[in-house]
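Here the structure comes first, spelled out in structure tokens, and everything after it is commentary.
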Amino acid sequence: MSDVLLEIENLHVTFASPHGPIRAVDGLSLRAERGATLGVVGESGSGKSVTFLAAMRLLDPATATVSGRIRLDGVDLLTLPSREMQTVRGPRIGMIFQDPLAALHPLLRVGDQISETLRAHGDISRRDASDRAVAALRRVGIPSPDERARQYPHELSGGMRQRVMIAMALVLEPELLIADEPTTALDTTVEAQILALIDDLRTRIGLGVVLISHSLATVSQVADTVAVMYAGRAIERGPCSDVFGQPQHPYTWGLLDSLPAVDGGHESLTPIPGAPPSLADLPPGCRFGPRCGYRMPACGERVPDLVERHAGHADACILPMDGREGLRRAPIAHPANSEPAP
Amino acid sequence: MTDPAPLIATEGLTKRFPVTRGILFAHTVGAVHAVEDVHLAVRRGRTLGIVGESGSGKSTTGRMIARLIDPTAGTVLLEGTDITRVGGAELRVLRRRIQMVFQDPTGALNPRHTANQIVGAPLRVHHVAGNRAVRVAALLEQVGLSPDLGDRYPHEFSGGQRQRIGIARALALEPDLIVLDEPVSALDVSVQAHILNLLTDLQRAHGMTYIVISHDLGVIRHLADEVAVMYLGRIVERAPAASIAAPFHPYTAALLTAAPGRPGAAHRRRILLPGDPPSPITPPSGCAFHPRCPKARVISGDPNVVPERCRTDAPPLDNLGRGRSVACWSPVATTDDLVGAAEAMSAAPDIARATSD
């Protein structure tokens with residue numbers, strides 16, 4: 001009984017550049033469910049942020065070409081008139097970003113910034129709006145919210161600012177929260193607080209959450225399902241425990257083997273050889289092929305589809321299913337063990 | 001406490017930055033207590049990891065050791081000689097022995113210089129004899145870059161390659177000690193692993209000594225032989241890397257459980273500390289950690305009450321043997337009771353208010 005909230009189907013985002021078109025997202029399909037957290041992991045340039053900027057229609061149509069479907073509750077956001085999009089952005093989908101200091105207006109009190117959001121989206125008196133702003137701050141665990149509402153962003157700590165951003169994103173009671181690297185700029189102990197807060201809001205008010213992060217560890221802590229992105233495509237997706245417990249794609253193996261463990265020792269790490277491909281000049285076939293230790297001739301022929309192998313767990317790799325686990329521990333050959341020149 | 005012959009040691013290292021008000025008639029109104037009374041020692045060929053959150057003083061400590069800033073008090077000893085106050089020619093000699101690698105490889109490299117010029121700069125500045133071009137090529141090769149790339153400018157390299165250039169520059173003078181300040185924080189996961197392996201290989205090959213500064217316990221535990229945990233300018237715990245997983249300080253315990261573990265590993269119950277690290281301008285009285293400390297509440301049995309000693313006296317860093325020391329009036333025996341105590345604290349409004357400035 002899945003309750004699909006946001007469904008992305010065959011999304012393509014292409015940017016024009018002097019070096020030719022840059023295919024930032026290239027045939028991505030994903031879904032986020034109500035009351036659940038979808039974790040989207042990938043390294044820089046994998047397309048994870050661009051995907052959700054496209055969903056919010058925040059990309060400049062002059063430079064970005066977007067095609068495919070992004071449906072919220074069945075309604076395609078990409079074909080929605082921009083006036084109607086204003087009733088989606090905010091009231092139905094809230095979004096928070098990595099750097100709350102850059103996202104907050106430095107010269108406005110945080111309470112006023114939240115009430116401004118309310119007043120922009122509805123007929124509400126100044127006084128009611130400011131009361132609701134204080135309530136929103138209280139809901140995200142900010143102590144003495146009425147005093148905090150009168151402070152400016154620079155008077156708050158990084159963790160407090162991110163709480164303010166979450167309060168602002170949720171004040172219109174959206175169904176979906178898109179959190180793009182919400183804890184990357186925060187200290188470890190504060191990151192744990194913010195993740196716990198997002199998780200608490202998800203269970204308490206049934207919020208759907210998309211957590212975008214470069215950190216597998218962060219995502220693994222709170223996500224229900226995970227999508228691993230590489231060069232504009234999802235190469236593996238499934239329930240969090242399956243993707244990290246029985247990863248199937250060689251890129252996911254590589255990411256996991258690259259991580260130093262908090263409880264690990266000095267044993268040498270196994271990094272992924274090479275560097276991600278240029279999005280203006282993608283390799284033929286599987287995008288990960290040139291860096292893959294298990295590459296076969298067929299890998300260069302066509303881009304492998306994301307195929308579901310077990311309940312909900314899909315990967316885009318043409319390796320035979322038998323004995324993949326054994327392969328993970330014995331790569332055939334690494335093409336080169338350093339990053340090539342750009 | 002100190003090893004027989006450490007390569008580098010600090011004694012009572014302290015740094016206070018003045019806080020001033022006014023522009024025309026500027027006057028000092030207080031001080032940022034960035035680093036307070038830090039004692040460290042690293043033997044040759046070993047790696048010390050300093051872990052802490054922002055404002056813990058870890059970078060300031062590293063910069064004082066590298067003589068990039070001068071301490072307010074205390075000494076830095078290189079093979080027993082005080083280097084805190086050397087200047088002129090002596091300082092130039094010292095610079096050859098201690099080098100530094102920074103977090104942001106883009107900011108640390110001159111954008112108008114080629115890789116060859118950047119890596120060759122220390123050789124030029126210090127008038128190192130020999131064929132510089134040959135030496136630079138060898139250095140680039142050592143860090144895994146093709147010498148053919150030497151004519152390129154920083155923007156033509158990827159983040160990982162730029163950090164390799166920063167490391168090659170630090171290696172140029174064959175230093176005894178390299179201070180690495182967040183060497184992989186700005187890099188993607190798969191690139192991080194390359195750089196971590198490179199650092200390990202270089203240390204093995206040259207017997208270098210490292211001081212690694214990071215907020216990431218995974219990185220610290222991977223590289224370091226010994227770990228020092230800093231909180232608000234002080235070292236709160238020191239331990240061999242292998243035994244830090246059984247922490248004695250409640251802050252270390254919280255840091256360990258808050259740090260996201262390897263995906264797929266069993267999740268430990270997190271000790272969620274309330275509030276943020278306090279301001280180093282007005283550090284709390286007594287033990288600086290007491291406003292957020294769950295252990296203090298376990299002792300008092302009340303989330304609103306902190307034992308008097310924690311509030312009034314700063315605990316010294318006690319040597320517990322086996323290379324371990326801790327600055328806590330009642331070191332942690334089990335972390336189980338800390339989870340609940342931290343939760344009770346977060347629910348107590350007074351504490352949340354007092355710790356969230």
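Report the rotationally averaged projected area of segment B:203-299 based on its alpha-carbon convex hull, in square nanometres.
Numbers: hull surface 31.9 nm².
Here the figure is 8.0 nm², rounded to one decimal.
Based on alpha-carbon atoms, the Kirkwood radius and the radius of gyration of segment A:103-171 give Rg/Rh equal to 0.92.
The local environment of residue B:15, defined by Cβ-Cβ distances under 13 Å, has a net charge of +2 under the rule Lys, Arg +1 and Asp, Glu -1. Size estimate for segment B:248-337 follows the Kirkwood approach: the inverse of mean 1/r over distinct Cα pairs works out to 14.2 Å.
Average partner chain C-beta neighbours within 10 Å, per residue of B:222-234?
Working: counts 10, 2, 1, 1, 0, 0, 0, 0, 0, 0, 0, 0, 0.
If you average over the peptide's residues, the count of other-chain Cβ atoms is 1.
Over chain A, dividing the summed -39,500 (n - 2.57) contributions of all DSSP H runs of at least 4 residues by the number of residues returns a 222 nm mean residue ellipticity of -8500 deg cm²/dmol. Entry note, chain A: relative contact order of 19 percent, from Cα contacts under 8 Å with a spacing of 6+ residues.
A straight line joining the Cα centroids of segment B:61-100 and segment B:1-54 runs 12 Å.
A simple packing score, the average count of other Cβ atoms within 10 Å per residue, orders the peptides A:220-226, A:114-120 as A:220-226, A:114-120, with the highest score first.
If you build the convex hull over the alpha carbons only and average its shadow over all orientations, what do you get for segment B:67-116? Give it in nm² to one decimal.
Numbers: hull surface 20.6 nm².
One quarter of the hull surface, i.e. the mean projection, equals 5.1 nm².
Simple point charges give the picture: +1 on the Cβ of Lys and Arg, -1 on the Cβ of Asp and Glu, and for segment B:1-157 a dipole about the Cα centre of about 360 debye. For the segment A:269-275, counting C-beta atoms of other chains within 10 Å of every residue's C-beta and taking the mean gives 6.
Counted over segment A:33-145 with a bin width of 10 Å, the fraction of Cα pairs per bin, in whole percents, is 11, 33, 36, 18, 2. Computed with a 1.4 angstrom probe on protein heavy atoms, the B-A interface buries about 4300 square angstrom of accessible area in total.
Placing +1 on the Cβ of every Lys and Arg and -1 on the Cβ of every Asp and Glu, with nothing else charged, gives the protein assembly as shown a dipole about its Cα centre of roughly 1120 debye.
Counting only other chain Cβ atoms within 10 Å of each residue's Cβ, the peptide B:242-252 averages 1.
Ranking A:96, B:344, A:40 by Cα position along the charge dipole of the protein assembly as shown, where only Lys, Arg, Asp and Glu carry charges on their C-beta atoms, puts A:96 farthest toward the positive end. State the answer as a single residue: which of A:276, A:245, A:300 lies farthest towards the positive end of the charge dipole of segment A:222-307, with beta carbon charges of +1 for Lys and Arg and -1 for Asp and Glu, about the Cα centre. Selected residue: A:300.
Among B:259, B:129, B:168, the largest mean-square fluctuation in a Gaussian network model of chain B (Cα springs under 10 Å) belongs to B:129.
Taking Cα atoms, how many degrees apart are the long axis of helix A:126-139 and the longest axis of chain A, rounded to 10 and kept between 0 and 90? Computed tilt is about 50 degrees.
Close amide-amide hydrogen proximity is noted between residue A:39 and A:211, A:224, A:225, A:226, A:227, each under 5 Å apart and 5 or more residues distant or on a separate chain (H modeled in the peptide plane; Pro and chain starts excluded). As a length-normalised measure over Cα pairs under 8 Å and 6 or more apart, the relative contact order of segment B:77-152 settles at 25 percent.
For the protein assembly as shown, count all C-alpha to C-alpha pairs, find those more than 38 Å apart, and express that count as a whole percent of the total.
Numbers: 99060 of 243951 pairs.
Here the tail beyond 38 Å accounts for 41 percent of pairs.
Dividing the Cα radius of gyration of segment B:1-133 by 2.2 N^0.38 Å, with N the residue count, gives 1.25.
Just to confirm a number: summing +1 for Lys and Arg and -1 for Asp and Glu over residues other than residue A:238 whose beta-carbon lies under 13 angstrom from that of residue A:238, what do you get? Mind showing how you got there, number by number?
Working: positive: A:31, A:237, A:309; negative: A:224, A:236, A:242, A:308, A:315.
Result for the local shell: -2.
Compared with the dominant Cα axis of chain B, that is its longest principal axis, helix B:336-347 is turned about 80°. Once the Cα atoms are used to define both axes, helix A:158-170 deviates from the longest principal axis of chain A by about 80 degrees.
Packing, as the average of other Cβ atoms within 10 Å across residues, places the peptides A:23-30, B:176-183 in the order B:176-183, A:23-30, highest first.
Summarising the overall dimensions of chain B from its C-alpha atoms, the Rg and Dmax are 21.8, 70 angstrom.
Once Rh for segment A:122-254 is found with the Kirkwood sum over Cα pairs, what is the Stokes-Einstein diffusion coefficient at 25 °C and 0.890 mPa s, in µm²/s?
Values: Rh = 16.5 Å.
In µm²/s, the coefficient is 149.
Computed from backbone phi, the HN-Hα couplings of segment A:193-208 come to 5, 5, 4, 5, 5, 4, 5, 5, 5, 4, 6, 6, 10, x, 6, x Hz, rounded to whole numbers (Karplus: 6.51 cos²θ - 1.76 cosθ + 1.60, θ = phi - 60°; Gly and Pro given as x). Computed over segment A:103-171, relative contact order equals 42 percent, with contacts defined as Cα pairs under 8 Å that lie 6+ residues apart.
Note on chain B: helix-only mean residue ellipticity at 222 nm, from DSSP H runs of 4+ residues weighted -39500 (n - 2.57) and normalised by residue number, equals -9500 deg cm²/dmol.
Can you give the percent of C-alpha pairs in chain A whose distance is more than 39 Å?
Details: 10344 of 58311 pairs.
The answer is 18 percent, as a whole percent.
The values are calculated or read from the model by the stated rules, or taken from the named source; none is laboratory data. Nothing here was measured: the structure is a model prediction, and the numbers come from that model. Positions of Cβ are backbone-derived with ideal geometry, glycine not excepted, and every protein chain shown enters the neighbour counts. Calculation scope for accessible area: heavy atoms of the full protein, side chains included, ligands and nucleic acids excluded. Shrake-Rupley method; radii C 1.70, N 1.55, O 1.52, S 1.80 Å.
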